[in-house]
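Trainee: Structure provided below as C-alpha coordinates; questions to follow.
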Amino acid sequence: MDVEVGREKVGDAPRTFADLQKALLEPKRKLPRRLAQIAAFATANPDDIAFGTAASIATSAQVQPSALVRFAHALGFGGFSDMQAVFRERLRDRIPSYEDRLVALRNRSDPVTKTGALLDGFAAAAEQSIAMLRERLRPEALDEAISLLASADTIYLIGQRRSYPVTSYLNYALGKLGVRNVLVGSAQGNDPETLSFARPTDAAIAVSFTPYASATIDYARSVADRGTPLVAITDSPFSPLLPPASLWFEVAEQSFEGFRPMSATLALSMTLAVGIAERRGTK
(Lines give C-alpha, C1' and ligand atoms only; values in the text may rest on other atoms or scores of the structure.)
Protein backbone atom coordinates (compact mmCIF):
# COMPACT_ATOMS: atom_id res chain seq x y z
CA MET A 1 0.00 0.00 0.00
CA ASP A 2 1.22 3.51 -0.73
CA VAL A 3 2.46 5.49 2.24
CA GLU A 4 2.27 9.25 2.57
CA VAL A 5 5.55 11.02 3.32
CA GLY A 6 4.89 14.72 3.88
CA ARG A 7 3.18 15.81 0.68
CA GLU A 8 4.70 13.01 -1.40
CA LYS A 9 3.39 9.54 -2.01
CA VAL A 10 5.79 6.61 -1.60
CA GLY A 11 5.05 3.75 -3.99
CA ASP A 12 4.97 5.63 -7.29
CA ALA A 13 8.73 5.94 -7.66
CA PRO A 14 10.60 5.91 -11.01
CA ARG A 15 11.64 2.40 -12.00
CA THR A 16 14.43 3.30 -14.41
CA PHE A 17 17.10 5.99 -14.49
CA ALA A 18 15.41 7.55 -17.51
CA ASP A 19 12.13 7.72 -15.58
CA LEU A 20 13.98 9.26 -12.65
CA GLN A 21 15.38 11.96 -14.94
CA LYS A 22 11.90 12.71 -16.25
CA ALA A 23 10.55 12.89 -12.70
CA LEU A 24 13.18 15.47 -11.82
CA LEU A 25 12.58 17.63 -14.87
CA GLU A 26 9.29 19.22 -13.86
CA PRO A 27 9.63 19.60 -10.10
CA LYS A 28 13.36 20.35 -9.93
CA ARG A 29 12.82 24.11 -9.64
CA LYS A 30 10.18 23.58 -6.95
CA LEU A 31 12.29 21.45 -4.66
CA PRO A 32 13.48 22.99 -1.39
CA ARG A 33 16.97 24.43 -1.65
CA ARG A 34 18.76 21.46 -0.05
CA LEU A 35 16.88 18.91 -2.14
CA ALA A 36 17.54 20.91 -5.30
CA GLN A 37 21.21 20.87 -4.32
CA ILE A 38 21.08 17.06 -4.09
CA ALA A 39 19.29 16.85 -7.46
CA ALA A 40 22.04 18.88 -9.11
CA PHE A 41 24.74 16.72 -7.52
CA ALA A 42 22.98 13.47 -8.45
CA THR A 43 22.56 14.37 -12.12
CA ALA A 44 26.18 15.53 -12.37
CA ASN A 45 27.61 12.57 -10.41
CA PRO A 46 25.35 9.52 -10.93
CA ASP A 47 28.20 7.06 -10.35
CA ASP A 48 28.86 8.61 -6.94
CA ILE A 49 25.23 8.03 -6.01
CA ALA A 50 25.40 4.44 -7.28
CA PHE A 51 28.59 3.46 -5.44
CA GLY A 52 28.74 5.75 -2.41
CA THR A 53 27.38 5.41 1.08
CA ALA A 54 24.80 7.83 2.42
CA ALA A 55 27.52 9.44 4.55
CA SER A 56 30.05 9.83 1.72
CA ILE A 57 27.43 11.14 -0.70
CA ALA A 58 26.13 13.63 1.86
CA THR A 59 29.67 14.88 2.41
CA SER A 60 30.30 15.30 -1.30
CA ALA A 61 26.94 17.00 -1.87
CA GLN A 62 27.47 19.15 1.25
CA VAL A 63 24.18 18.15 2.88
CA GLN A 64 23.11 16.11 5.88
CA PRO A 65 22.46 12.37 5.33
CA SER A 66 18.84 12.91 6.40
CA ALA A 67 18.43 15.21 3.40
CA LEU A 68 19.19 12.26 1.11
CA VAL A 69 16.30 10.36 2.66
CA ARG A 70 13.99 13.34 2.19
CA PHE A 71 15.13 13.60 -1.42
CA ALA A 72 14.35 9.92 -2.01
CA HIS A 73 10.91 10.36 -0.43
CA ALA A 74 10.25 13.42 -2.61
CA LEU A 75 10.74 11.19 -5.66
CA GLY A 76 8.39 8.53 -4.30
CA PHE A 77 10.97 6.04 -3.00
CA GLY A 78 10.57 4.30 0.33
CA GLY A 79 14.14 5.17 1.29
CA PHE A 80 17.57 6.12 0.05
CA SER A 81 18.62 2.53 -0.79
CA ASP A 82 15.59 2.14 -3.08
CA MET A 83 16.62 5.23 -5.02
CA GLN A 84 20.26 4.12 -5.10
CA ALA A 85 19.21 0.86 -6.75
CA VAL A 86 17.91 2.83 -9.74
CA PHE A 87 21.26 4.58 -10.09
CA ARG A 88 23.01 1.19 -9.96
CA GLU A 89 20.66 -0.20 -12.60
CA ARG A 90 21.83 2.61 -14.88
CA LEU A 91 25.33 1.10 -14.91
CA ARG A 92 24.03 -1.85 -16.91
CA ASP A 93 23.19 0.53 -19.75
CA ARG A 94 26.59 2.17 -20.00
CA ILE A 95 27.85 3.46 -23.32
CA PRO A 96 29.45 0.57 -25.24
CA SER A 97 33.21 0.58 -25.68
CA TYR A 98 34.70 1.29 -29.09
CA GLU A 99 35.71 -2.36 -29.34
CA ASP A 100 32.08 -3.41 -28.76
CA ARG A 101 30.93 -0.99 -31.44
CA LEU A 102 33.38 -2.41 -33.98
CA VAL A 103 32.25 -5.95 -33.14
CA ALA A 104 28.65 -4.89 -33.77
CA LEU A 105 29.66 -3.53 -37.16
CA ARG A 106 31.47 -6.73 -38.11
CA ASN A 107 28.40 -8.78 -37.18
CA ARG A 108 26.05 -6.86 -39.45
CA SER A 109 24.55 -8.92 -42.28
CA ASP A 110 23.48 -6.13 -44.63
CA PRO A 111 23.20 -7.10 -48.30
CA VAL A 112 25.32 -4.06 -49.24
CA THR A 113 29.07 -3.77 -48.80
CA LYS A 114 30.52 -2.97 -45.40
CA THR A 115 31.65 0.46 -46.52
CA GLY A 116 28.25 1.10 -48.09
CA ALA A 117 26.59 0.15 -44.81
CA LEU A 118 28.85 2.57 -42.97
CA LEU A 119 27.95 5.46 -45.25
CA ASP A 120 24.23 4.67 -45.18
CA GLY A 121 24.25 4.32 -41.39
CA PHE A 122 26.13 7.53 -40.65
CA ALA A 123 24.18 9.50 -43.26
CA ALA A 124 20.87 8.33 -41.76
CA ALA A 125 22.04 9.20 -38.23
CA ALA A 126 23.13 12.66 -39.41
CA GLU A 127 19.80 13.26 -41.15
CA GLN A 128 17.83 12.23 -38.07
CA SER A 129 19.98 14.38 -35.78
CA ILE A 130 19.54 17.49 -37.91
CA ALA A 131 15.79 16.86 -38.29
CA MET A 132 15.43 16.65 -34.49
CA LEU A 133 17.45 19.84 -34.06
CA ARG A 134 15.21 21.74 -36.46
CA GLU A 135 12.11 20.39 -34.74
CA ARG A 136 13.21 21.23 -31.18
CA LEU A 137 15.19 24.43 -31.58
CA ARG A 138 13.25 27.57 -30.68
CA PRO A 139 14.17 30.45 -33.01
CA GLU A 140 13.78 32.97 -30.19
CA ALA A 141 16.32 31.04 -28.06
CA LEU A 142 18.78 31.05 -30.95
CA ASP A 143 18.27 34.76 -31.48
CA GLU A 144 18.81 35.44 -27.76
CA ALA A 145 22.05 33.45 -27.72
CA ILE A 146 23.37 35.21 -30.81
CA SER A 147 22.58 38.61 -29.30
CA LEU A 148 24.38 37.68 -26.08
CA LEU A 149 27.46 36.35 -27.87
CA ALA A 150 27.58 39.18 -30.42
CA SER A 151 27.83 41.76 -27.63
CA ALA A 152 30.81 40.02 -25.98
CA ASP A 153 34.29 41.52 -26.11
CA THR A 154 35.85 38.04 -26.30
CA ILE A 155 34.22 34.61 -26.65
CA TYR A 156 35.87 31.74 -24.78
CA LEU A 157 35.34 28.32 -26.40
CA ILE A 158 35.29 25.37 -23.99
CA GLY A 159 35.18 21.74 -25.16
CA GLN A 160 37.12 18.54 -24.49
CA ARG A 161 37.30 15.04 -25.96
CA ARG A 162 34.75 14.53 -28.78
CA SER A 163 33.42 18.07 -28.31
CA TYR A 164 36.81 19.62 -29.05
CA PRO A 165 36.34 19.50 -32.86
CA VAL A 166 33.23 21.66 -32.37
CA THR A 167 35.01 24.39 -30.41
CA SER A 168 37.99 24.09 -32.74
CA TYR A 169 35.70 24.76 -35.71
CA LEU A 170 34.13 27.72 -33.89
CA ASN A 171 37.62 29.09 -33.24
CA TYR A 172 38.41 28.86 -36.97
CA ALA A 173 35.06 30.26 -38.18
CA LEU A 174 34.86 33.14 -35.70
CA GLY A 175 38.46 34.07 -36.41
CA LYS A 176 37.81 34.19 -40.16
CA LEU A 177 34.72 36.32 -39.48
CA GLY A 178 36.68 38.80 -37.40
CA VAL A 179 35.20 37.88 -34.00
CA ARG A 180 37.71 37.82 -31.16
CA ASN A 181 37.74 34.44 -29.41
CA VAL A 182 39.95 32.16 -27.34
CA LEU A 183 40.06 28.37 -27.81
CA VAL A 184 40.40 26.63 -24.45
CA GLY A 185 42.36 23.38 -24.63
CA SER A 186 46.09 24.02 -24.58
CA ALA A 187 48.75 21.33 -24.66
CA GLN A 188 50.67 23.01 -21.83
CA GLY A 189 47.68 22.80 -19.47
CA ASN A 190 47.30 26.48 -18.63
CA ASP A 191 43.58 26.66 -19.36
CA PRO A 192 42.64 27.82 -15.83
CA GLU A 193 45.02 30.75 -16.23
CA THR A 194 43.55 31.55 -19.65
CA LEU A 195 40.01 31.52 -18.25
CA SER A 196 41.05 33.78 -15.37
CA PHE A 197 40.98 36.65 -17.88
CA ALA A 198 37.25 36.14 -18.60
CA ARG A 199 35.10 39.10 -17.56
CA PRO A 200 31.36 39.86 -17.38
CA THR A 201 31.77 41.78 -20.65
CA ASP A 202 32.95 38.58 -22.34
CA ALA A 203 31.00 35.36 -23.02
CA ALA A 204 31.72 31.65 -23.25
CA ILE A 205 30.42 28.67 -25.21
CA ALA A 206 30.77 25.26 -23.54
CA VAL A 207 30.08 21.99 -25.37
CA SER A 208 29.80 18.59 -23.68
CA PHE A 209 27.81 15.38 -24.07
CA THR A 210 27.35 12.19 -22.10
CA PRO A 211 29.72 11.08 -20.60
CA TYR A 212 30.49 14.69 -19.71
CA ALA A 213 34.14 15.77 -19.72
CA SER A 214 34.97 16.81 -16.17
CA ALA A 215 37.36 19.54 -17.34
CA THR A 216 34.62 21.15 -19.44
CA ILE A 217 32.26 21.20 -16.45
CA ASP A 218 34.92 22.69 -14.19
CA TYR A 219 35.87 25.36 -16.72
CA ALA A 220 32.23 26.26 -17.38
CA ARG A 221 31.59 26.72 -13.67
CA SER A 222 34.76 28.77 -13.39
CA VAL A 223 33.76 31.32 -16.01
CA ALA A 224 30.18 31.45 -14.72
CA ASP A 225 31.48 32.16 -11.21
CA ARG A 226 33.37 35.12 -12.68
CA GLY A 227 30.10 36.55 -14.01
CA THR A 228 30.83 35.65 -17.62
CA PRO A 229 27.63 34.72 -19.54
CA LEU A 230 27.73 31.09 -20.67
CA VAL A 231 25.96 29.40 -23.59
CA ALA A 232 25.91 25.60 -23.31
CA ILE A 233 25.47 23.01 -26.05
CA THR A 234 24.67 19.65 -24.48
CA ASP A 235 22.39 16.64 -24.74
CA SER A 236 20.06 16.66 -21.74
CA PRO A 237 18.08 18.91 -19.40
CA PHE A 238 20.03 17.14 -16.64
CA SER A 239 23.47 17.97 -18.02
CA PRO A 240 25.84 19.36 -15.38
CA LEU A 241 26.43 22.27 -17.78
CA LEU A 242 22.94 23.61 -17.12
CA PRO A 243 23.35 25.05 -13.61
CA PRO A 244 26.09 27.51 -14.66
CA ALA A 245 24.67 28.22 -18.15
CA SER A 246 22.83 31.45 -18.98
CA LEU A 247 21.36 29.83 -22.09
CA TRP A 248 21.54 26.29 -23.41
CA PHE A 249 20.70 24.17 -26.44
CA GLU A 250 19.79 20.49 -26.39
CA VAL A 251 21.31 18.52 -29.27
CA ALA A 252 20.50 14.81 -29.45
CA GLU A 253 22.94 13.25 -31.89
CA GLN A 254 21.63 9.93 -33.20
CA SER A 255 24.04 7.00 -33.33
CA PHE A 256 24.92 4.27 -35.77
CA GLU A 257 26.18 1.17 -33.96
CA GLY A 258 27.16 3.36 -31.02
CA PHE A 259 29.09 5.93 -33.09
CA ARG A 260 27.61 9.42 -33.13
CA PRO A 261 28.32 11.84 -35.99
CA MET A 262 28.38 15.47 -34.83
CA SER A 263 26.30 16.76 -37.74
CA ALA A 264 23.60 18.58 -35.77
CA THR A 265 26.11 20.09 -33.33
CA LEU A 266 28.26 21.42 -36.17
CA ALA A 267 25.18 22.80 -37.95
CA LEU A 268 24.21 24.68 -34.78
CA SER A 269 27.78 25.88 -34.31
CA MET A 270 27.95 27.21 -37.87
CA THR A 271 24.64 29.00 -37.31
CA LEU A 272 25.98 30.64 -34.16
CA ALA A 273 29.25 31.71 -35.77
CA VAL A 274 27.67 33.29 -38.84
CA GLY A 275 24.81 34.73 -36.79
CA ILE A 276 27.24 36.40 -34.38
CA ALA A 277 29.24 37.95 -37.21
CA GLU A 278 26.09 39.15 -38.98
CA ARG A 279 24.68 40.66 -35.77
CA ARG A 280 27.93 42.47 -35.02
CA GLY A 281 28.02 43.83 -38.56
CA THR A 282 24.56 45.36 -38.31
CA LYS A 283 25.34 47.27 -35.09
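The values are calculated or read from the model by the stated rules, or taken from the named source; none is laboratory data. As the structure is a prediction and not an experimental result, all values here were calculated from the model. So basically every Cβ, Gly included, is an ideal-geometry build from the backbone, and we count neighbours across all protein chains shown. To get the accessible areas, we keep the full protein, side chains included, count just its heavy atoms, and leave off ligands, DNA and RNA. Shrake-Rupley method; radii C 1.70, N 1.55, O 1.52, S 1.80 Å.
Trainee: Determine whether segment 195-204 contains at least one residue that is farther than 23 Å from THR271 by Cα and open to solvent by less than 10 Å² (accessible area, probe 1.4 Å).
Mentor: Yes, the conditions are met somewhere in segment 195-204.
Trainee: Which of the residues spanning segment 214-241 are open to solvent by 10 Å² or more (accessible area, probe 1.4 Å) and in a loop (DSSP other than H, G, I, E, B)?
Mentor: ARG226, GLY227, PRO229, ASP235, SER236, PRO237, PHE238
Trainee: Next question, about the same structure. I need the full set of residues from segment 128-172 which are in a helix (DSSP H, G or I) and among the polar types (S, T, N, Q), in order please.
Mentor: Once the filter is applied, which keeps residues that are in a helix (DSSP H, G or I) and among the polar types (S, T, N, Q), segment 128-172 yields GLN128, SER129, SER147, SER163, THR167, SER168, ASN171.
Trainee: Being within 20 Å of SER208 (Cα to Cα) and outside any helix (DSSP H, G or I) is the filter here; which residues of segment 173-189 pass it?
Mentor: Within segment 173-189, ASN181, VAL182, LEU183, VAL184, GLY185, SER186, ALA187, GLY189 meet the criteria.
Trainee: Is it the case that segment 178-185 has a residue that's more than 26 Å from GLN37 (Cα to Cα), polar (S, T, N, Q) and open to solvent by 10 Å² or more (accessible area, probe 1.4 Å)? First the steps, then the outcome.
Mentor: Taking segment 178-185 first, the residues more than 26 Å from GLN37 (Cα to Cα) are 178-185.
When the remaining residues are screened for being polar (S, T, N, Q), the result is 181.
Those still in the list that are open to solvent by 10 Å² or more (accessible area, probe 1.4 Å) too: 181.
Taking every residue of segment 178-185 in turn, at least one turns out to be more than 26 Å from GLN37 (Cα to Cα), polar (S, T, N, Q) and open to solvent by 10 Å² or more (accessible area, probe 1.4 Å).
Trainee: Only residues that are surrounded by fewer than 18 Cβ atoms within 10 Å (Cβ to Cβ), among the hydrophobic types (A, V, I, L, M, F, W, C) and not in a loop (DSSP other than H, G, I, E, B): list them for segment 248-265, please.
Mentor: Listed by number, the list holds a single entry, PHE259.
Trainee: Of all residues in segment 141-162 being without any contact (Cβ under 8 Å) to a residue 60 or more places away in the chain and closer than 22 Å to PHE259 by Cα, which is most open to solvent (accessible area, probe 1.4 Å)?
Mentor: ARG161
Trainee: Name the residue that is farthest from the chain's Cα centre (by Cα), counting only residues in segment 50-91 that are of a type in the set (Ser, Thr, Tyr) and over 18 Å from THR16 (Cβ atoms). Explain how you work it out, then say what you get.
Mentor: Taking segment 50-91 as the starting set, the residues that turn out to be of a type in the set (Ser, Thr, Tyr) are 53, 56, 59-60, 66, 81.
Those still in the list that are over 18 Å from THR16 (Cβ atoms) too: 53, 56, 59-60, 66.
Numbers: THR53: 26, SER56: 25, THR59: 24, SER60: 21, SER66: 29 Å.
The qualifying residue farthest from the chain's Cα centre (by Cα) is SER66.
Trainee: Name the single residue that is modelled with the lowest pLDDT among those in segment 125-140 being surrounded by 13 or more Cβ atoms within 10 Å (Cβ to Cβ) and of a type in the set (A, V, I, L, M, F, W, C).
Mentor: ALA125
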